[in-house]
Amino acid sequence: MIAIASDHAGRVLKLDIMKLLDSLGLPYEDFGCHSDDSCDYPQFAVAAATAVSDGRCERGLLFCGTGIGISIAANKVKGIRCACCSDVYSAILSREHNDANMLALGARVVGAGLAEKIVREWLSASIDDKNPRHLKRIGQIAALEC
Ligand code: RB5
């Protein structure tokens with residue numbers, strides 16, 4: 001199950017990516033928002049991030065205007081490693097090196113075509129667990145959490 005959420009600025013891109021997930025047969029849960037009215041992204045980020053953190057969802061996709069605010073909010077939730085990406089290379093490396101469990105995209109930064117490519121590649125990539133230095137560093141990040 002993939003957790004997804006957005007604010008008003010990211011909602012249209014979120015709907016595009018929901019269609020992509022439908023076409024790939026990947027189940028998801030939408031934690032809001034559900035209208036184009038201006039709203040505050042932290043509440044939606046935390047709802048989706050908590051679902052990833054507690055294991056109800058394996059990964060999460062977040063959308064706001066830049067991807068930045070919603071990723072910052074998600075990263076406050078214990079166990080969340082949310083990468084804000086606007087290129088395919090960073091998205092893949094966020095999985096391979098950082099084991100990112102959430103991806104944030106900016107609807108005012110990337111178009112729908114690039115966003116779909118980024119999401120496809122991110123979902124296909126996985127942690128390079130043959131390389132202990134990545135696991136060690138991820139462990140060091142986890143140790144920073146209270
Ligand atoms: C909303 O105007 C915008 O500030 C928000 O979507 C996001 O870009 C914040 O980081």
Worksheet item: Dipole magnitude of the chain about its Cα centre, charges +1 at Lys/Arg Cβ and -1 at Asp/Glu Cβ only, in debye to the nearest 20?
Response: 460 debye
Item to complete: Distance check, please: which entries in Lys78/Lys136; Lys14/Lys117; Lys19/Lys76 exceed 22 angstrom between their Cα atoms?
Response: Lys19/Lys76
Item to complete: Using R₀ = 30 Å, calculate the FRET efficiency as 1/(1 + (r/R₀)^6) where r is the Cβ-Cβ separation of Ile127 and Ser23; round to 0.05.
Response: 0.70
Worksheet, complete the sentence: By the Cα gyration tensor axes a ≥ b ≥ c (a/c under 1.5 gives rounded; else a/b larger than b/c gives prolate, otherwise oblate), the shape of the stretch 44-107 is oblate
Fill in: Residue among Asp37, Asp128, Asp99 with the largest mean-square fluctuation in a Gaussian network model of the chain, springs linking Cα atoms under 10 Å
Asp37
Practice prompt. Can you pull a Stokes-Einstein diffusion coefficient for the stretch 1-65 at 37 °C (0.692 mPa s), Rh from Kirkwood over Cα pairs, as a whole number of µm²/s?
Written response: 285 µm²/s
Discussion item. What is the angle, in °, between the Cα long axis of helix 112-124 and the longest principal axis of the Cα atoms in the chain? Nearest 10 is fine, range 0 to 90.
Written reply: 30 degrees
Discussion item. Between 0 and 90 degrees, rounded to the nearest ten: what's the tilt of helix 132-143 against the longest Cα principal axis of the chain?
Written reply: 70 degrees
Worksheet entry | Residues with amide H under 5 Å from that of Leu61, placed H, sequence gap 5 or more | Ala3, Ile4, Ala5, Leu103
Item to complete: With everything on Cα atoms, drop me the angle between helix 41-53 and the longest principal axis of the chain, reported from 0 to 90° to the nearest 10.
Response: 40 degrees
Practice prompt. Report the residue, chosen from Arg11, Arg95, Arg108, that carries the largest GNM mean-square fluctuation when the chain is represented by alpha-carbon nodes joined by springs under 10 Å.
Written response: Arg108
Worksheet, complete the sentence: Here FRET efficiency (C-beta to C-beta, Leu15 to Asp87, R₀ 30 Å, nearest 0.05) is 0.85
Worksheet item: Which residue fluctuates the most in the chain, going by a Gaussian network model with Cα springs under 10 Å, if the choices are Ser53, Ser90, Ser35?
Response: Ser35
Worksheet entry | Rounded Å value of the spacing that divides the Cα centres of the stretch 44-116 and the stretch 130-146 | 18 Å
Item to complete: Give, in nm to one decimal, the length gained when the segment between Met1 and Ala143 is fully stretched (0.36 nm per residue of separation minus the Cα-Cα distance).
Response: 48.4 nm
Discussion item. I need the shape label for the stretch 1-118. Rule: rounded when a/c is under 1.5, else prolate if a/b > b/c, else oblate, with a, b, c from the alpha carbon gyration tensor.
Written reply: rounded
Worksheet item: Using just the C-alpha positions of the stretch 66-146 as equal point scatterers, what log10 of I(q)/I(0) does the Debye formula give at each q in 0.14, 0.19, 0.23, 0.25 1/Å?
Response: -0.46, -0.81, -1.07, -1.18
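Only the coordinates and a few stated rules stand behind these numbers; no lab work does. Note that the structure is a prediction, hence the values are computed from the model and not measured. Cβ atoms come from the backbone with ideal geometry, glycine included; neighbour counts cover every protein chain shown.
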